[in-house]
Amino acid sequence: MSFAALNLSPDLLQAIEEKGYTTPSPIQVEAIPAVLQGRDIMAAAQTGTGKTAAFTLPLLQLLNTGVHVNANQARALILTPTRELAAQIEASIVSYGKHLPLRSTVVFGGVKINPQMMRLRKGVDILVATPGRLLDLHNQKAIRFSQLEILVLDEADRMLDMGFIHDIRKIMATLPKKRQNLLFSATFSDEIRKLAKTIVHNPIEISVSPRNTTAETVKQRIYPVDKKKKAYLLTHLIKQYQWQQVLVFTRTKRGANQLVRHLETEGIQAAAIHGNKSQGARTKALADFKTGHIRILVATDIAARGLDIDQLPQVVNFDLPNVPEDYIHRIGRTGRAGASGQAVSLVSADEFVQLSDIERLIKTVLTREIVDDFEPVHTLPESRLDRRPIKPKKPRVGHRDGQRSGASKQGNNPRGRNNRTRSNQENK
Ligand code: AMP
């Protein structure tokens with residue numbers, strides 16, 4: 001199958017060729033024709049499947065009709081949960097749309113609103129936005145939606161996790177009823193289906209399996225180690241294996257900052273990326289990581305979601321995530337598009353419950369390796385695979401990742417087995 005067979009216009013085919021893509025990915029094969037036909041779609045696809053191009057390419061083609069966009073209007077709106085994802089989608093639009101006369105912009109919180117208002121003045125064909133800032137702009141009459149033709153909701157599950165449901169409902173109420181709707185989500189829980197019912201009409205449902213959820217392209221291994229020794233073990237591994245570009249996950253913002261300080265005292269260039277960092281600091285950290293100026297990027301789950309870093313060789317779970325699905329999202333950052341990658345987890349005895357939940361989800365007992373001089377004093381119990389099916393999760397109540405003026409709320413939920421939601425993970 002070629003991109004030309006998907007009926008994309010020559011201008012888009014040229015941009016695709018310049019990107020070096022030769023074959024459409026499965027989500028692109030299914031979504032592009034459906035979107036071009038004007039259908040609503042509901043697609044289950046994770047980052048790494050090529051989902052951004054799956055909606056961006058047909059969107060650009062549908063909008064390239066010569067219609068004039070009026071002041072403070074947008075013809076297509078793409079809603080995403082995080083600033084990084086918003087910026088990445090805008091970058092894709094610019095790159096795929098480079099031969100088309102369409103205008104686009106991106107708006108998100110944590111940066112000044114005035115330049116965004118200026119950019120919206122002439123109107124844009126495509127607006128990429130995070131929900132909080134979009135509502136602020138709408139309230140200030142910087143954006144109106146009477147010309148809106150297409151809505152894309154990207155990473156809908158993450159939006160719910162992050163507590164954006166009310167903002168999304170408010171935004172929906174401002175949009176024209178007649179429009180095309182594209183909804184993307186990594187998972188389709190009952191909660192997402194309920195939301196989807198109020199948004200999409202008679203959708204084509206698409207589901208593609210993630211390219212790299214588990215062992216096929218990602219080598220996974222755990223290092224049992226005492227909590228106090230984790231930072232030293234990480235330094236040892238980085239030096240011993242000469243890892244050059246490592247994405248490290250911590251469960252909390254404080255843990256991320258502490259780890260960066262530790263690595264720097266060991267002479268290893270590192271930076272943290274999380275909800276308390278300014279937008280400028282986050283963008284710079286990501287850029288420095290991509291160019292190799294820093295070797296280690298330490299991130300929390302919410303901040304890392306959707307980061308598009310090509311073919312990352314090495315992912316480290318410094319802490320195991322509380323929500324087992326986040327393990328899959330985390331290791332999905334490596335071994336992209338068939339390249340091999342390695343995901344290692346430093347696991348202390350108190351994380352045995354999290355480890356068991358992850359092994360149950362991925363239906364695999366992870367290989368263990370104990371490093372000389374780092375034998376744990378507190379022994380990690382042996383894993384026994386729990387083969388019982390996993391029950392659906394309870395609905396979550398979330399917080400916002402500082403999308404509006406950095407206003408991230410501090411959660412004070414007691415932590416326990418039944419209260420392990422993603423939404424309170426960054427709140428320490
Ligand atoms: P996404 O799932 O949208 O985050 O895309 C993951 C990565 O795959 C991005 O780096 C894209 O540039 C890349 N990509 C998207 N479509 C294709 C394709 N058809 N062939 C090769 N790479 C692609």
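The values are calculated or read from the model by the stated rules, or taken from the named source; none is laboratory data. Treat the numbers as computed from the prediction; the structure is a model and nothing was measured. Glycine also receives a Cβ, built like all others from the backbone with ideal geometry; neighbour counts cover every protein chain displayed. Just the protein is used for accessible areas: all its heavy atoms, side chains included, with ligands, DNA and RNA removed. Shrake-Rupley method; radii C 1.70, N 1.55, O 1.52, S 1.80 Å.
Looking at Leu13, Leu62, Leu36, can you tell me which residue is over 21 Å from Leu148 (Cα atoms), of a type outside the set (S, T, N, Q), at pLDDT 95 or above and open to solvent by 10 Å² or more (accessible area, probe 1.4 Å)?
That would be Leu13, the only listed residue that is over 21 Å from Leu148 (Cα atoms), of a type outside the set (S, T, N, Q), at pLDDT 95 or above and open to solvent by 10 Å² or more (accessible area, probe 1.4 Å).
Filter segment 129-177 for residues that are in a loop (DSSP other than H, G, I, E, B) and in contact with a Pro (Cβ under 9 Å, 6 or more places away or on another chain) and give the result.
Thr130, Phe145, Ser146, Gln147, Leu148, Glu149, Asp154, Glu155, Met162, Phe164
Write out, first by first residue and then by second, each pair whose Cβ atoms fall under 8 Å of each other, whose residues are 6+ apart or on separate chains, and whose first residue, in segment 331-345, is open to solvent by 30 Å² or more (accessible area, probe 1.4 Å) and among the hydrophobic types (A, V, I, L, M, F, W, C) while the second is at pLDDT below 85 and within 14 Å of the ligand (Cβ to nearest atom).
Filtered contacts from segment 331-345: Ala337/Gly48; Ala337/Arg211; Ala337/Gln311.
Could you list, in sequence order, the residues of segment 149-166 that are open to solvent by less than 10 Å² (accessible area, probe 1.4 Å) and within 20 Å of Gln73 (Cα to Cα)?
Ile150, Leu151, Val152, Leu153
Run Ser92 past the list (1) more than 13 Å from the ligand (Cβ to nearest atom); (2) in contact (Cβ under 8 Å) with a residue 24 or more places away in the chain; (3) among the small types (Gly, Ala, Ser) and report the number of the one that doesn't hold.
Of everything listed in (1) more than 13 Å from the ligand (Cβ to nearest atom); (2) in contact (Cβ under 8 Å) with a residue 24 or more places away in the chain; (3) among the small types (Gly, Ala, Ser), Ser92 misses just condition (1).
Does any residue in segment 76-87 that is under 9 Å from Leu153 (Cβ atoms) come within less than 6 Å, Cβ to Cβ, of a residue that is of a type in the set (Asp, Glu) six or more places away or on a different chain, and which pairs are these?
Short answer, once both residue conditions are applied: Thr80/Asp154.
Before we move on, is Gly109 in the same structural domain as Glu155 (by TED's automatic domain parsing), part of a loop (DSSP other than H, G, I, E, B), within 10 Å of the ligand (Cβ to nearest atom) and open to solvent by less than 30 Å² (accessible area, probe 1.4 Å)?
no
Give just the number: which of (1) at pLDDT 95 or above; (2) part of a helix (DSSP H, G or I); (3) open to solvent by 30 Å² or more (accessible area, probe 1.4 Å); (4) polar (S, T, N, Q) does Gln88 not satisfy?
So Gln88 meets the others, but not (1).
Of all the residues that make up segment 370-399, how many are at pLDDT 80 or above and either touching a Cys at 6+ places or on another chain (Cβ under 8 Å) or open to solvent by 60 Å² or more (accessible area, probe 1.4 Å) (or both)?
Total meeting the criteria: 9.
Can you tell me which of (1) surrounded by fewer than 20 Cβ atoms within 10 Å (Cβ to Cβ); (2) within 24 Å of the chain's Cα centre (by Cα); (3) within 16 Å of the ligand (Cβ to nearest atom) is the one Lys98 doesn't meet?
Status for Lys98: all satisfied but (2).
Looking at this structure, is Gly132 open to solvent by 10 Å² or more (accessible area, probe 1.4 Å) and touching a Lys or Arg at 6+ places or on another chain (Cβ under 6 Å)?
no
Just to be sure before I move on: is Ser104 within 14 Å of the ligand (Cβ to nearest atom), at pLDDT 95 or above and not assigned by TED's automatic domain parsing to the domain that holds Ala285 in the structure I sent?
no
When you scan segment 178-185, do you find a residue that is crowded, with 22+ Cβ neighbours inside 10 Å and part of a helix (DSSP H, G or I), even just one?
No, because not a single residue in segment 178-185 is crowded, with 22+ Cβ neighbours inside 10 Å and part of a helix (DSSP H, G or I).
Quick one: count up the residues across segment 8-56 that are hydroxyl-bearing (Ser, Thr, Tyr), more than 8 Å from the ligand (Cβ to nearest atom) and either in a helix (DSSP H, G or I) or closer than 25 Å to Leu312 by Cα (or both).
1
Determine whether segment 61-72 contains at least one residue that is within 13 Å of the ligand (Cβ to nearest atom), assigned by TED's automatic domain parsing to the domain that holds Arg158 and not aliphatic (A, V, I, L, M).
Within segment 61-72 (the criterion being within 13 Å of the ligand (Cβ to nearest atom), assigned by TED's automatic domain parsing to the domain that holds Arg158 and not aliphatic (A, V, I, L, M)), the answer is no, since none of the residues qualifies.
Tell me, which residue of segment 39-51 that is open to solvent by 10 Å² or more (accessible area, probe 1.4 Å) and more than 16 Å from Gly332 (Cα to Cα) is nearest to the chain's Cα centre (by Cα)?
Met42
Mind listing whichever residues of segment 349-361 are surrounded by 17 or more Cβ atoms within 10 Å (Cβ to Cβ) and in contact with a Ser or Thr (Cβ under 7 Å, 6 or more places away or on another chain)?
Passing the criteria: Leu355, Ser356, Glu359.
Kindly check whether there is at least one residue in segment 268-275 that is under 23 Å from Val365 (Cα atoms), buried (at least 16 other Cβ atoms within 10 Å of the Cβ) and in contact (Cβ under 8 Å) with a residue 40 or more places away in the chain.
No; the residues of segment 268-275 include none that is under 23 Å from Val365 (Cα atoms), buried (at least 16 other Cβ atoms within 10 Å of the Cβ) and in contact (Cβ under 8 Å) with a residue 40 or more places away in the chain.
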